[in-house]
Amino acid sequence: MSVILTLLAALIATGACAYHRSSLRTWAIATVATTVVVGLLAGALWTTFILLVIELAIAVPLLMDGFRRKQISAPLLKMFTKVTPKLSETEQTALEAGTVGFEGELFSGKPDWHELLKQPKPELSVEEQAFMDGPVEELCGMIDDWQITHELADLPPEVWAFVKKHKFFGMIIPKQYGGLGFSALAHSAVLQKLATMSATVASTVAVPNSLGPAELLLHYGSDEQKNYYLPRLAVGEEIPCFALTGPYAGSDATSITDFGIVCKQMVDGVETLGMKLTFDKRYITLAPIATVVGLAFRLYDPEKLLGDTEDLGITLALLPRSTPGLEIGRRHFPLNIPFQNGPLHGKDVFVPLSVLIGGPHMAGHGWRMLVECLSVGRAISLPSNATGGVRAAVAATGAYARMRKQFGLSVARFEGVEEALARIGGLTYATAALSRATAAAVDRGEKPAVPSAIAKYHATEMGRAIAGDAMDVHGGKAVQLGPKNYAGRAWQGVPIAITVEGANIMTRSLMIFGQGAIRCHPYVLKEMQSLSIADYGDRLKTFDRALFGHIGFGISNAVRAFTLGITGSRIGDTAGDAYVRRYYRKLNRYSAALALCADTFMGVLGGKLKFKEKLSARLGDVLSYLYIASAMLKRYEDTGRPEADRPLLAWAFHECMWRTQMALDGAIRNFPVRPVSWLLRALVFPFGRREVPPSDRLGRRVAAIITAPGEARDRLTEWVYLTPTANNTIGRMNALLPDVIAAEPVERKFGKAQKAGQFKSHDYNGQLAEALQAGVINPAEFELLKRVRDGVAEFIAVDDFDAAELRAAVTRADRKKKLADAA
Ligand SMILES: Cc1cc2nc3c(=O)[nH]c(=O)nc-3n(C[C@H](O)[C@H](O)[C@H](O)COP(=O)(O)OP(=O)(O)OC[C@H]3O[C@@H](n4cnc5c(N)ncnc54)[C@H](O)[C@@H]3O)c2cc1C
């Protein structure tokens with residue numbers, strides 16, 4: 001017994017030190033002291049002696065800096081240098097671009113929640129709010145999405161003019177250049193609101209404010225370029241596009257085959273140093289109408305006119321539309337969301353070097369320029385458009401499901417529909433928190449490379465799930481296209497959001513964890529960077545510090561993951577109110593589990609992990625869900641811990657934790673080295689998988705929130721255009737919703753009388769009049785039922801067309817004939 005007691009005491013001391021991340025010195029003192037005191041008091045002299053020998057044998061060599069470096073770190077450095085895959089220049093650039101924010105804490109295994117909660121609450125300024133209430137509201141009132149998507153395949157001229165006049169294209173351009181100089185939050189809010197009316201308008205506005213000429217000029221442009229272009233871009237006098245993608249360079253944008261050759265040519269009788277560009281680009285948004293084209297190409301200088309380097313690398317230039325030889329203007333047709341998008345080409349197009357963004361000295365720096373700017377645009381455009389879409393889905397589907405009756409009941413009352421409504425509500429809560437968190441990160445001055453990838457992937461994927469559910473709940477109403485259909489186009493456009501700015505499969509499987517693991521890990525990047533230190537002494541010293549920090553980190557995460565696992569996350573640091581305290585503890589547990597698995601996977605598989613995309617994707621999912629859950633908790637705090645939001649938060653949080661568990665379990669189960677997989681399972685899931693998806697009861701509460709007016713629903717539908725204008729069916733449906741709900745008990749009374757055969761009339765209006773006469777309903781109730789019946793009739797109606805209306809104005813045969821005639 002005394003032996004067990006002594007062993008146990010030493011083990012607990014070691015575990016406690018590891019759990020709290022104590023230093024090696026503290027661990028040595030605490031363990032030796034505990035062993036001596038408990039061992040002597042318990043009278044286990046031999047055990048105490050043996051334990052002390054083991055403890056000192058570990059502690060002493062590790063605490064002697066010189067010995068440790070020479071005997072342990074030096075051989076490991078040699079091995080590490082051999083097995084570490086050399087980062088390509090592209091990977092190195094991608095890793096160096098961007099900053100690490102709270103996602104670093106999630107990767108640490110011991111997140112500091114107070115860091116998260118002390119971040120300022122994101123809010124619109126008075127001026128930004130006025131823009132939302134003024135021009136944005138007015139623009140939404142002008143939008144007829146059917147006219148845009150079906151009749152014109154473009155924005156009408158008055159919408160183009162309005163957008164330019166009110167500087168919608170200049171949201172990211174500072175005021176000194178005539179732009180609006182908005183915060184990222186305001187930029188996001190504008191896009192969200194526009195997306196609730198038209199994906200085409202939102203995409204058109206998003207692109208000039210995302211990665212493209214304006215953003216690149218702001219960071220790298222010469223003063224002359226900035227002073228010329230930025231004021232013109234701000235007021236839409238210049239329409240920009242940015243052309244990177246081509247037939248052979250999609251996801252792997254570095255493989256562009258477009259090239260420029262530095263050369264001299266006579267221009268207006270003057271010998272001019274310039275480049276001959278040959279390019280073939282496709283999918284370029286705004287290209288058909290662009291007046292200035294941002295072009296990415298590889299620049300070569302075979303005659304060494306610029307210096308000693310022949311292959312200068314990826315380079316960025318701005319070409320005016322009038323550039324001779326630039327073929328531009330044709331359009332692609334992206335899934336019935338007809339924002340301007342098309343190809344552009346050129347062969348041996350001569351331009352002076354002054355068109356290079358930043359001037360000739362920026363030749364070859366194009367890739368770095370792109371990745372440094374990418375995260376900011378990616379954090380806003382797609383996540384905001386998706387968030388606007390899902391907020392609108394809440395407003396539309398919640399109202400429609402309540403007013404659409406089948407089998408004598410609102411379809412919202414059927415459990416099957418309720419399940420879809422719960423997903424719409426819960427995932428919208430998560431999406432809204434996620435895009436708010438990434439916009440806030442940009443406003444704090446971060447370049448959120450990993451969160452922007454998380455936001456892009458998860459906001460669009462949750463958007464995809466919600467769009468599907470919204471379609472299902474609407475049934476045929478959403479299938480029949482026409483001016484009355486407000487859901488179909490959003491659903492059609494989902495794959496566009498999935499594909500652009502980093503196609504989702506690649507974003508999930510390669511980027512989130514791939515970048516997160518190295519960038520957010522407290523030691524891996526330091527270890528890798530130490531290898532490039534020229535001086536051996538410094539290299540060894542830096543490597544030694546990072547390595548032993550890393551080992552301690554790994555042990556601590558194993559202990560934390562196991563301890564929090566066996567205690568069911570009931571202990572540990574926490575924050576927030578009593579309702580959410582347990583949520584923070586769950587996040588602590590999975591943060592430790594993620595850190596443990598990430599380290600183990602990287603340690604065992606090394607560079608091969610990069611090619612194990614299915615494992616990497618799952619660990620990326622874990623990081624993403626932890627990030628989304630943290631964003632939701634922050635939003636809950638920022639909005640004053642509203643009780644009304646708790647079902648939404650609870651649903652979304654449990655969904656996140658369940659998905660986290662399944663992703664972790666999938667990663668561990670599929671880890672190719674079986675003993676490692678077994679050990680990880682024992683540490684991470686000591687009692688198996690205990691998380692469960694949100695319960696049916698919780699789902700019912702979420703469905704109730706989104707199908708009736710209320711403060712939680714108002715927050716969920718923030719920035720949805722709900723003004724009941726003639727062009728806004730969703731707004732008018734929501735205006736009728738209180739009446740629909742007030743009418744429900746009256747309808748029950750009326751229905752009872754109907755079933756009892758009290759009415760002679762066969763039509764609804766006749767029966768209503770009889771009900772009034774018979775005193776079944778009073779005059780106010782009569783008016784209410786009539787109003788609701790008429791309103792709902794309008795909302796359940798769908799469009800029909802004359803056969804000729806559906807035929808394309810220009811057929812392929814017409815086009816062929818035109819071409820033949822021209823030839
Ligand atoms: C409507 C629209 C607008 C666009 N606007 C612009 C624009 O303005 N400017 C511009 O330059 N480009 C633009 N693009 C291009 C867009 O960025 C690319 O479509 C995107 O990068 C994907 O390239 P791809 O379509 O050729 O797909 P591919 O690269 O052929 O990819 C096919 C599939 O393979 C997956 N995949 C590829 N590599 C990997 C990997 N290593 N691991 C896992 N999966 C992988 C992808 O995720 C995808 O699912 C636009 C595209 C569209 C459709």
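The values are calculated or read from the model by the stated rules, or taken from the named source; none is laboratory data. These numbers come from a predicted model, not from an experiment. We place every Cβ from the backbone using ideal geometry, glycine too, and count neighbours over all the protein chains shown. Accessible surface is based on the protein model in full, side chains and every heavy atom, while ligands, DNA and RNA are left aside. Shrake-Rupley method; radii C 1.70, N 1.55, O 1.52, S 1.80 Å.
Some points to look at:
- Rounded to whole Å, sorted largest first: equivalent-ellipsoid semi-axes of the stretch 333-486, Cα gyration tensor: 42, 21, 9
- Spin-label pair E138/F49, simplified geometry with 7 Å Cα→Cβ offset, distance in nm: 9.2
- Normalised contact order of the stretch 240-356, rounded percent, pairs of Cα under 8 Å and 6 or more residues apart: 31
- Sum of side-chain charges, T93 neighbourhood, beta-carbon under 11 Å (Lys, Arg +1; Asp, Glu -1): -3
- Rg over Rh for the stretch 241-293 works out to 1.09, using Cα positions for both radii and the Kirkwood form for Rh.
- Nearby aspartates and glutamates by direct alpha-carbon distance to K276 (threshold 12 angstrom, same-chain neighbours under 8 apart not counted): D258, D301, D348
- Scanning the chain for long hydrophobic helices, with DSSP H runs required to stretch 20 angstrom or more by C-alpha along their axis and to average at least -0.5 on the Kyte-Doolittle scale, returns 2-19, 24-42, 45-63, 366-403, 415-443, 449-474, 536-566, 581-605, 613-638, 646-669, 729-755, 779-796.
- Residue order by solvent-accessible surface for E643, E613 is E643, E613, largest first, with ligands and nucleic acids left out and a 1.4 Å probe.
- For the stretch 240-356, the spread of Cα coordinates along the three principal axes comes to 48, 33, 18 Å, biggest extent given first.
- Diffusion coefficient, µm² s⁻¹, Stokes-Einstein with Kirkwood Rh over alpha-carbon pairs of the stretch 640-716 at 4 °C and 1.567 mPa s: 89
- Altogether, the Stokes-Einstein calculation at 37 °C and 0.692 mPa s, with the Kirkwood radius of the stretch 405-471 over Cα pairs as Rh, returns a diffusion coefficient of 243 µm²/s.
- Full extension of the chain between A726 and Q92 gives 222.9 nm of extra length, using 0.36 nm per residue less the Cα-Cα distance.
- Theoretical gain in end-to-end length, R444 to W160 [0.36 nm per residue, Cα-Cα removed]: 99.0 nm
- Of the peptides 435-446, 411-422, the order by per-residue mean of other Cβ atoms within 10 Å, starting with the highest, comes out as 435-446, 411-422.
- Annotation: for a label point projected 7 angstrom from Cα along Cα→Cβ of V36, residues of the stretch 46-66 with backbone N closer than 17 Å are 46-60.
- Neighbourhood net charge (10 Å Cβ-Cβ; Lys/Arg +1, Asp/Glu -1) for L295: 0
- Beta bridges by DSSP in the chain, antiparallel share as percent, to the nearest 5: 80
- Take every Cα pair under 8 Å whose residues are at least 6 apart in sequence, average their separation, divide by the length of the chain, and the relative contact order is 14 percent.
- Per-selection Kirkwood Rh - the chain (Cα, Å, 1 d.p.): 29.9
- Under-5 Å amide H pairs with L312, H placed in peptide plane, nonlocal only: L299, Y300, D301
- Given a 1.4 Å probe and the protein chains as shown, D599 ends up with an accessible area of around 20 Å².
- Extent of the stretch 687-794 along its three principal axes (Cα atoms, max minus min coordinate, largest first): 65, 40, 20 Å.
- Largest to smallest in accessible area, the residues R618, R489 fall in the order R618, R489 (1.4 Å probe, all protein chains included).
- Estimated FRET transfer efficiency when R0 is 60 angstrom, pair K78-D223 (beta carbons, to 0.05): 0.75
- Qualifying GluC sites (Glu not before Pro) for the stretch 289-393 [loop in DSSP, other Cβ within 10 Å: at most 13]: E303, E310
- Here the Karplus relation 6.51 cos²θ - 1.76 cosθ + 1.60, evaluated at θ = phi - 60°, turns the backbone of the stretch 486-501 into coupling constants of 9, 10, x, 5, 4, 5, 4, x, 3, x, 5, 4, 5, 8, 7, 6 Hz, with x for every Gly and Pro.
- At R0 = 25 Å, FRET efficiency that the Cβ-Cβ distance of A797 and A130 yields, to 0.05: 0.10
- The stretch 1-63 - Rg (one decimal) and Dmax (whole number), Cα, Å: 11.1, 33
- Translational diffusion coefficient of the stretch 483-633 (Stokes-Einstein, Kirkwood radius from Cα pairs, 4 °C, 1.567 mPa s): 72 µm²/s.
- Within the straight-line cut-off of under 17 Å between alpha carbons, the aspartates and glutamates reachable from K541 are D65, E527, sequence neighbours fewer than 8 places apart in one chain being disregarded.
- Area of W146 that stays accessible when all protein chains are in place (1.4 Å probe, Å², to 10): 30
- Contour excess over end-to-end distance, with Cα ends at M64 and S251 and 0.36 nm allotted per residue: 62.4 nm
- In terms of overall dimensions, the stretch 361-431 has a Cα radius of gyration and Dmax of 20.5, 73 angstrom.
- Of the cross-linked pairs K165/K477; K526/K586; K405/K786; K456/K634; K110/K634, those separated by over 25 Å at the C-alpha level are K165/K477; K526/K586.
- Förster radius 22 Å - calculated FRET efficiency between K405 and A769 (Cβ-Cβ, nearest 0.05): 0.60
- Mean residue ellipticity (222 nm) of the chain, computed from DSSP H runs ≥ 4 via -39,500 (n - 2.57), nearest 500: -18500 deg cm²/dmol
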